[in-house]
Amino acid sequence: AKLAIQAKQYYQLIPMILSPNPNISRLLYSMGFDKVFQICDTVVGQSGDGLGELPMVCANEDCVRNKILEAHRTLMDLNDKNREAFAALVTTLEASR
């Protein structure tokens, strides 16, 4: 979500999420991702057209906690449902800093 917000703010671009799985698409819509991403239910082009797994990056516990906290704060800003759903988690993460 943060990537999409910054892409729109700095470059006037709306990133696309390719989600051919209806269950994942429902989750994305329910969390408000459609407000900041274009969600497409079909994969464009052939499988393997430059799409692959991202490499794993090692990080310490504090770094991971801060990234999770930042991500959930961003999600909370998307809609009231997210704000309610993630408030307790954000409070807990903030307290454990």
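Excluding same-chain pairs closer than 8 in sequence, count the lysine pairs in the chain whose Cα atoms lie under 15 Å apart.
The result is 4.
Highest mobility in the GNM of the chain, judged by mean-square fluctuation with C-alpha springs under 10 Å and restricted to LEU13, LEU78, LEU54, is found for LEU54.
The residues of the chain present an accessible area of 76 Å² per residue when probed at 1.4 Å with all protein chains retained. A full extension of the chain between ILE17 and ASP41 corresponds to an added length of 7.8 nm, given 0.36 nm per residue minus the alpha carbon distance. Largest accessible area first, the listed residues GLU70, GLU53 line up as GLU53, GLU70 when surface is computed with a 1.4 Å probe on the assembled protein chains. May I ask for the angle, rounded to the nearest 10°, between helix 80-95 and the longest principal axis of the chain, with both axes built from Cα atoms and the value confined to 0 to 90°? Tilt relative to the chain: about 50 degrees. Among ALA71, ALA59, ALA85, the largest mean-square fluctuation in a Gaussian network model of the chain, built with springs joining Cα atoms closer than 10 Å, belongs to ALA59.
Applying 1/(1 + (r/R0)^6) with r as the Cβ-Cβ distance of ALA88 and ASN66 and R0 = 22 angstrom yields a FRET efficiency of 0.75.
For the chain, the carbon plus sulfur part of the accessible surface works out to 58%, probe radius 1.4 Å. Other residues within the sphere of radius under 10 Å centred on the Cβ of ILE5, judged by their own Cβ, net out at +2 (K and R +1, D and E -1).
Once both labels are positioned 7 Å from their Cα atoms along Cα-to-Cβ, the gap between ARG97 and ILE5 label points is 1.5 nm. For the chain, the average shadow cast by the Cα convex hull is 7.8 nm², which is a quarter of the hull's surface.
The values are calculated or read from the model by the stated rules, or taken from the named source; none is laboratory data. Source: prediction; values computed, not measured. Every residue, glycine among them, receives a Cβ derived from its backbone with ideal geometry; neighbour counts consider all protein chains shown. What goes into the accessible areas is simple: the full protein's heavy atoms, side chains included, and nothing from ligands, DNA or RNA. Shrake-Rupley method; radii C 1.70, N 1.55, O 1.52, S 1.80 Å.
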